[in-house]
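Engineer: Following this message is one structure expressed as structure tokens.
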Amino acid sequence: MREQQLARAFVEFSDTLVGDYDVLDFLVRLCERSAEFLEVAAAGALLTDGGGRLGLVAASTEAVKVLETLQMQRREGPCVDAWRRGERVVVADLRRGPSRRWPVFTPQALAAGVVAVCAFPMRLRGDRIGALNMFQAAPGAFDEAALAAGQALADVATIAILQARAVEDAARLAGQLEHALESRVAIEQAKGVLAERLGIDPDAAFTRLRRHARVHGLRLTDLARRVVDGSLTLQE
């Protein structure tokens, strides 16, 4: 079953990458599919902006967004370690062991209900561009099939982004990644506007944004900016 799900995901990602694809939407899908296939609570992705600085680009839930931002700010945590080393980082139970290694991240993760983590490096040969992080609410080791699937998904994302570098030039790719990070700000603002206007939580607001963008053929970032500046009310 997992092999079939992965095959469908690769087909979906291939379709997404045709033409002028949206890096941000691609990575959001990556996080969602990764959480689904690995049967974890949530997933998130950190990317470098071209200048060696990590930034949050995608997260499947609000709680993950907070934890990923914490890793980025404090420069500690599984995702940061996976990016730095270019190696997979797996902790089956955060209550045992890594508190000295991640003195800030560990208690915050446990307080958020995260007990196990797994981070996959996004790297190809010498290029390390970020990491894909999995969060689990229950302790326990990740099976080998799940680990292989997670790394395969991270590799697909890495190849997709690095392929853009081969087609364009390094400066333009850096600008695209920087744009993805900046787009996150616009989307967070739009989520807040919708959440307050419609009386829903931020995750539900994000679902509304994505659905409207897909139905009407709009780029997610452009739609978010229209919601923020008031040119589109998005009441439905």
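Engineer: Trp83 versus (1) hydrophobic (A, V, I, L, M, F, W, C); (2) open to solvent by less than 50 Å² (accessible area, probe 1.4 Å); (3) at pLDDT below 90: which is the lone unmet condition?
Structural biologist: Trp83 satisfies all of (1) hydrophobic (A, V, I, L, M, F, W, C); (2) open to solvent by less than 50 Å² (accessible area, probe 1.4 Å); (3) at pLDDT below 90 except (3).
Engineer: Give me the pairs, please: first residue somewhere in the range 49-64 and within 19 Å of Thr158 (Cα to Cα) and modelled with pLDDT under 85, second residue anywhere and among the acidic types (Asp, Glu) and open to solvent by 20 Å² or more (accessible area, probe 1.4 Å), beta-carbon distance under 8 Å, and either six or more positions apart or on two chains.
Structural biologist: Here the result reads Asp49/Glu178; Gly50/Glu178, each pair linking the range 49-64 to a residue that is among the acidic types (Asp, Glu) and open to solvent by 20 Å² or more (accessible area, probe 1.4 Å).
Engineer: Sticking with this one: Against the definition (over 17 Å from the mean Cα position of the chain (by Cα) and more than 20 Å from Ala35 (Cα to Cα)), how does Pro139 come out, yes or no?
Structural biologist: no
Engineer: Same structure, new question: Name the single residue, out of those in the range 116-133 being of a type in the set (A, V, I, L, M) and within 15 Å of Val89 (Cβ to Cβ), that is nearest to the chain's Cα centre (by Cα). If you could, list the steps in order and put the result at the bottom.
Structural biologist: Applying the first criterion (of a type in the set (A, V, I, L, M)) to the range 116-133 yields 116-117, 119, 122, 124, 129, 131-132.
Pick out the ones that are also within 15 Å of Val89 (Cβ to Cβ) and you get 116-117, 119, 122, 131-132.
Working: Ala116: 17, Val117: 14, Ala119: 11, Met122: 11, Ala131: 9, Leu132: 7 Å.
Restricting to residues being of a type in the set (A, V, I, L, M) and within 15 Å of Val89 (Cβ to Cβ), the top hit is Leu132.
Engineer: May I pose another question? Pick from Arg128, Arg123: which is basic (Lys, Arg), farther than 21 Å from Ser60 by Cα and surrounded by fewer than 20 Cβ atoms within 10 Å (Cβ to Cβ)?
Structural biologist: Exactly one of Arg128, Arg123 is basic (Lys, Arg), farther than 21 Å from Ser60 by Cα and surrounded by fewer than 20 Cβ atoms within 10 Å (Cβ to Cβ), namely Arg128.
Engineer: Please go through the range 107-145 and give me each residue that is closer than 16 Å to Ala82 by Cβ and among the polar types (S, T, N, Q), ordered by number.
Structural biologist: Across the range 107-145, the qualifying residues are Asn133, Gln136.
Engineer: Taking the range 183-208 only, how many residues are assigned to a helix (DSSP H, G or I) and either open to solvent by 60 Å² or more (accessible area, probe 1.4 Å) or in contact (Cβ under 8 Å) with a residue 60 or more places away in the chain (or both)?
Structural biologist: The number of residues fulfilling the criteria is 11.
Engineer: Do the conditions hold for Glu76, that is, is it charged (D, E, K, R) and either touching a Pro at 6+ places or on another chain (Cβ under 9 Å) or open to solvent by 40 Å² or more (accessible area, probe 1.4 Å) (or both)?
Structural biologist: yes
Engineer: Which pairs have Cβ atoms under 7 Å, sit 6 or more apart or on different chains, and link a residue in the range 101-117 that is in contact (Cβ under 8 Å) with a residue 12 or more places away in the chain to one that is surrounded by fewer than 22 Cβ atoms within 10 Å (Cβ to Cβ) and of a type in the set (Lys, Arg)?
Structural biologist: From the range 101-117, the pairs are Val104/Arg74; Phe105/Arg74; Leu110/Arg95; Val115/Arg95.
Engineer: Which residues, counting only those in the range 209-236, are among the hydrophobic types (A, V, I, L, M, F, W, C) and part of a helix (DSSP H, G or I)?
Structural biologist: Within the range 209-236, Leu209, Ala213, Val215, Leu220, Leu223, Ala224, Val227, Val228 qualify.
The values are calculated or read from the model by the stated rules, or taken from the named source; none is laboratory data. Quick caveat, the model's predicted, so the values are computed rather than measured. Cβ: placed from backbone, ideal geometry, glycine included. Neighbour counts: every protein chain shown. Surface accessibility is based on the protein's heavy atoms, side chains included, excluding ligands, DNA and RNA. Shrake-Rupley method; radii C 1.70, N 1.55, O 1.52, S 1.80 Å.
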